[in-house]
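Have a look at the structure below, then the notes.
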Amino acid sequence: MVKKTKKIAVQLLKILFAVGIIYWLVQSGKLNFAALRNLLTPGILLLAITITLFNLFLISERWRVLVKSQGIPAKVWPSFKLTLIGQFFNFAMPGGVGGDVIKAYYFTRDFPGTKVVAATSVLMDRVLGLYAMIFLALAVMIYDFNHVSHVPTLMTLFYFIIALFAAFTVALSLIFSTKIYKTQILKRVINKLPLSEKFMKIYESLHLYGNSIPRIAQVIVISLIAQSTAILFLYMVGMVSGYTDIPAKTYFLVAPLGFMATAIPISPAGVGVGQAAFYFLFNIYTGHSSEVGPTTITAFQVCSFVVSLLGAFFYMRYKRPNDMSAAADMA
């Protein structure tokens, strides 16, 4: 009872946090919902929904590649439905029972006895997706280094991104390395840690995904394409909303950093956090105050939520009496 009450309290705090940021942005004039009116035309709405669906399809395919690498014959359409269900729960149930947990749970229903694969595939999917975001942000900063080097805050971010990229590269290399696995160097280190048994299971499971480097490369490429579609969405919204003075390269730099911020689980689906992060990043990069950041990410989140309602439909078709309690036990 205490655990359940604590989870509810945490969820409410996250929702209040998101609402508070949105309220502050609107009241201070940093988020202008009027700019979104230009999107309410049949042609733009259809294009926005199409891009969002394609983005989620690519995310689904990225995860499916990882699942198939473990010998499980996951099919395209069922995997896409599970991704939509997970997307819906990212909005509907932040906190203890999130979208990834629900997606993993229903995957184990379709493939009994795959609880470990379901959990580790979702974890690896997130890790490689984040790695691709870091790589894209670093690549764009190097491409536009002349501008980055003249802005102290951007240079600080540049060094931080380099450190993150190096840390992820080393960590993934150690986890995937067959030589290190055979020498058991990491195992000896893990055995000295608190909760060593759990960490050992995670290490053993994640190591299996490194058996095929071309497959890992495929997942990263799919991630980069998926992120590019999300950036295309943001760019389209910016252009339609009247922010025509901002070049496409700005979106390619800001978006990966902004999406990394929204991945921090302190609000439902990054709502609120995304608006603040995109506002800050766009202003730092362009050198002047603008509403383009909050406007574009709000449009993306609204469209993602509308599309995720398909996930609610598929969830209702999957639902059985004790599904939610069982899913909660996995959290």
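The table that follows gives values for the structure above.
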{"quantity": "Surface per residue (accessible, 1.4 Å probe) for the range 180-269, Å²", "calculated": "51 Å²"}
{"quantity": "Per residue accessible area in Å² of the range 44-143, where ligands, DNA and RNA are left out and the probe is 1.4 Å", "calculated": "39 Å²"}
{"quantity": "Rounded to the nearest 10 Å², the accessible area of T108 at probe 1.4 Å", "calculated": "30 Å²"}
{"quantity": "Spin-label model distance (nm) - M200 vs R317, 7 Å beyond Cα toward Cβ", "calculated": "4.4 nm"}
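The values are calculated or read from the model by the stated rules, or taken from the named source; none is laboratory data. As the structure is a computational prediction, the values presented were derived from the model and not from experiment. We place every Cβ from the backbone using ideal geometry, glycine too, and count neighbours over all the protein chains shown. Heads up: the accessible areas ignore ligands, DNA and RNA and are worked out on the full protein's heavy atoms, side chains in. Shrake-Rupley method; radii C 1.70, N 1.55, O 1.52, S 1.80 Å.
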